[in-house]
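Visitor: Before we start, here is the structure in question, set down as structure tokens.
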Amino acid sequence: MIFSLASCIITAKLCTWAICFLTTSEEVQKKLHKEVDQVFGKGPVTPEKIEHLRYCRQVLCETVRIAKLTPVSAQLQDIEGKINQFIIPRETLVLYALGVVLQDPNTWPLPHKFDPDRFDDESAMKTFSSLGFSGTQECPELRFAYTVTTVLLSVLVKRLHLLSVEGQVIETKYELVTSSREEAWITVTKRH
């Protein structure tokens with residue numbers, strides 16, 4: 001039950017943020033449309049083909065990073081750790097301030113810029129993986145959200161051009177899963 005609820009909330013927020021960020025970057029949207037068109041052509045969206053959407057995965061990773069989708073995380077230490085002179089005993093609950101880590105300019109150049117190309121670099125993916133957002137440590141709820149959002153974005157971007165509403169400012173509301181304070185609106189036009 002908890003998995004289902006968490007998956008739905010994370011999926012809805014990831015879909016919302018991904019669409020919002022796509023409306024702000026014409027270049028990213030064009031590149032994603034090109035990839036979707038090359039992978040699917042006129043055929044349907046299938047699980048086998050989804051695996052080939054590398055740039056779409058980069059868009060989703062950057063969406064999670066810049067939206068600070070999950071600003072905090074907690075994990076029970078399975079081994080004893082040490083930070084400087086401080087010892088973290090085994091079985092200690094450690095809280096991670098992911099919202100801070102995901103915006104650290106020492107790790108992420110131009111941290112407030114939506115730039116999916118940063119995830120073309122393996123070191124960025126490795127850093128992201130160590131935080132539990134991809135790879136073997138990826139949380140199951142996020143894995144589900146990535147899949148659903150990939151399908152949604154593929155269908156939308158294949159058929160529609162997504163545009164922001166002029167003058168709309170989206171303020172962020174930080175909770176367990178980050179959302180916008182108010183409704184976010186977009187406009188669409190049909191692709192030719």
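Visitor: State in Å² the accessible area per residue of the chain; use a 1.4 Å probe, count heavy atoms of protein chains only, and round to the nearest integer.
Guide: Accessible area per residue, the chain: 61 Å².
Visitor: Could you work out the per residue convex hull volume over the alpha carbons of the stretch 30-182, in cubic angstrom?
Guide: Details: hull volume 21.7 nm³, N = 153.
About 142 Å³ per residue, rounded to a whole number.
Visitor: May I ask for the net charge around residue 191, where only other residues with Cβ less than 9 Å from the Cβ of residue 191 are counted and Lys, Arg are +1 while Asp, Glu are -1?
Guide: That works out to +3.
Visitor: Another question about this same structure. How far apart, in nm, are the 7 Å Cα→Cβ label points at residue 192 and residue 110?
Guide: Here the answer is 3.0 nm between the modelled labels.
Visitor: Compute the angle between helix 2-23 and the longest alpha-carbon principal axis of the chain, please, reported from 0 to 90 degrees and rounded to the nearest 10.
Guide: With rounding to tens, the tilt is 50 degrees.
Visitor: On to the next question. Pop a pseudo-label 7 angstrom from the Cα along the beta-carbon direction at both residue 95 and residue 80 and give the gap in nm to one decimal.
Guide: 2.6 nm
Visitor: List the residues whose amide H sits under 5 Å from the amide H of residue 180, counting only those 5 or more places along or on another chain, with H placed 1.01 Å from N in the peptide plane.
Guide: HN-HN under 5 Å from residue 180: 173.
Visitor: Something else now. Excluding residue 152 itself, what net charge comes from residues whose Cβ is under 13 Å from its Cβ, given Lys and Arg +1 and Asp and Glu -1? Mind showing how you got there, number by number?
Guide: On the way: positive: 13, 158, 159; negative: none.
That sum, taken over residues with Cβ under 13 Å, equals +3.
Visitor: Counting only helical runs of four or more DSSP H residues, what would the 222 nm mean residue ellipticity of the chain come to if each run contributes -39,500 (n - 2.57) and the total is spread over all its residues?
Guide: -14500 deg cm²/dmol
Visitor: If packing is taken as the average count of other Cβ atoms within 10 Å, what order do 48-56, 9-17, 92-100 fall into, highest mean first?
Guide: 9-17, 48-56, 92-100
Visitor: While we're here: For the chain, give the percent of accessible area contributed by carbon and sulfur heavy atoms, probe 1.4 Å, rounded to a whole number.
Guide: Values: 6870 of 11730 Å².
With neighbouring chains kept in place, the figure for the chain is 59 percent.
Visitor: Express in nm, to one decimal, how much length is gained between residue 24 and residue 88 on full extension, taking 0.36 nm for each residue of separation and deducting their alpha carbon distance.
Guide: Numbers: separation 64, 0.36 × 64 = 23.04 nm, distance 4.23 nm.
Length gained, residue 24 through residue 88: 18.8 nm.
Visitor: If you take the beta carbon distance between residue 48 and residue 180 as r and set R0 to 25 Å, what does 1/(1 + (r/R0)^6) give as a FRET efficiency, to the nearest 0.05?
Guide: For R0 = 25 Å, the calculated efficiency reads 0.15.
Visitor: So between residue 103 and residue 169, what do we pick up on full extension, going 0.36 nm a residue minus the alpha carbon distance?
Guide: Once the chain is fully extended between residue 103 and residue 169, it gains 21.7 nm.
The values are calculated or read from the model by the stated rules, or taken from the named source; none is laboratory data. The structure presented is a predicted model; accordingly, all values stated were derived computationally and were not measured. No Cβ is skipped: glycine too gets one built from the backbone with ideal geometry, and neighbour counts run over all protein chains shown. For accessibility, only protein heavy atoms count, side chains too; no ligands or nucleic acids. Shrake-Rupley method; radii C 1.70, N 1.55, O 1.52, S 1.80 Å.
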